[in-house]
1. Once every DSSP H run of n ≥ 4 in the chain is given -39500 (n - 2.57) and the sum is divided by its residues, what mean residue ellipticity at 222 nm do you get, rounded to the nearest 500 deg cm²/dmol?
2. Please list 20-27, 228-235 highest first by mean number of surrounding beta-carbon atoms within 10 Å per residue.
3. List Thr111, Thr71 from most exposed to least, where exposure is judged by having the fewest other Cβ atoms within 10 Å.
4. State the antiparallel share, in %, of DSSP beta bridges confined to the chain, rounding to the nearest 5.
5. Can you tell me which of 249-257, 176-184 comes out highest on packing, and rank the rest after it, using the mean Cβ neighbours within 10 Å?
6. Can you give me the angle between helix 15-26 and the longest principal axis of the chain, using Cα atoms only, in degrees from 0 to 90, rounded to the nearest 10?
7. Which of Met128, Met261 comes first, and how do the rest follow, when ranked by fewest Cβ neighbours within 10 Å?
8. Neighbour counts of other C-beta atoms within 10 Å: give me His113, His95, His173 arranged from fewest to most.
Amino acid sequence: MKSTRTVLITGASSGIGLELARCFARDGDALVLTGRDPAALAATAEDLRRAHAVTVTTFAAELGTDAGITTLLGQIAAAKLEIDVLVNNAGFGVHGNFLTLDATQELALTTVHLSAPWRLTKALLPAMVARGRGGVLNIGSIYSFSPAPWQALYGAAKSWLLSFSLSLREELHGTGVNVTILCPGTTLSRFRTRTGHRDRPSWFTQTSLEVAVAGHRGFRRGRALVVPGVASKFYVFGARVLPTSWLGRYVYYTAYRLRGMPAPRLSEGKKS
Ligand SMILES: NC(=O)c1ccc[n+]([C@@H]2O[C@H](COP(=O)([O-])OP(=O)(O)OC[C@H]3O[C@@H](n4cnc5c(N)ncnc54)[C@H](OP(=O)(O)O)[C@@H]3O)[C@@H](O)[C@H]2O)c1
């Protein structure tokens, strides 16, 4: 039987969000997709309607500002959409030394990764609980489990999202509403190329499709946490067993030294 759920996915114009949209469309779910590029969203919606005969609504929304989040909430309310599943996926990274990164970009980063999931969940969760079904799928990161030097705010935001997800999950126990967090490692998408990183398949990378399929399956099974792929599982295991004081170095060795990438140190040329 076809699903009758409506699934809102933020950041569905590319990468993991787009592949999650395909997964939910295969279930027959109606979709509400957001991104910043109306043309990209329209093209995605058309593809999904044609391939899966599902209803797709799109809202162009800037989630890096409070005003943009308010606009999206207004659009959802005006369209009288009942959202059964909220997927908090939209996000971007900034990479570099905290002392030199641009504060305006950092504000947008914390807004898209913290305020947007918080405000959308706050607005949409009560109706899910009243209906006794539905859920929230948050997209965290392996950095939800460790610090992220040279992406300090990004790592902090993803740790916040892990704590938020697991807290909500416990509070919602017995309501019929599920909360899952998907914590991928390096995933081939526009995410890394936007921050100027190389994006080549490797033993530690996964495709957006692999990550989305694992997250969708875990969410359907009501899992608390999904860490897709062996390399990411290994990383998270390391982050959980190592002493806290070693974790910054752990990231330096796994994310930079092991991959032959220079870390943007302030003490250029000094021994690290
Ligand atoms: N790729 C990785 O290695 C990796 C690893 C762990 C976790 N993640 C997380 O996975 C999620 C999806 O990332 P991805 O890898 O699929 O990257 P992606 O291909 O760059 O997709 C990001 C999506 O978020 C949207 N978005 C970005 N900034 C936005 C803003 N300010 N307002 C509204 N929408 C915005 C983008 O829309 P536009 O097209 O309008 O920019 C796009 O649809 C993110 O939360 C990211 O932190 C990624």
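1. Calculated from helices alone, the mean residue ellipticity at 222 nm is -13500 deg cm²/dmol.
2. Top to bottom by mean Cβ count within 10 Å: 20-27, 228-235.
3. Final ranking by Cβ density, sparse to dense: Thr71, Thr111.
4. If we restrict to bridges inside the chain, about 0 percent are antiparallel.
5. 176-184, 249-257
6. With both axes taken from Cα atoms, the answer is about 30 degrees.
7. Final ranking by Cβ density, sparse to dense: Met261, Met128.
8. Placing the least packed residue first, the sequence is His173, His95, His113.
Where a number appears in this text, it was derived from the coordinates with a stated rule and is not lab data. All values derive from a computational prediction rather than experimental measurement. Positions of Cβ are backbone-derived with ideal geometry, glycine not excepted, and every protein chain shown enters the neighbour counts.
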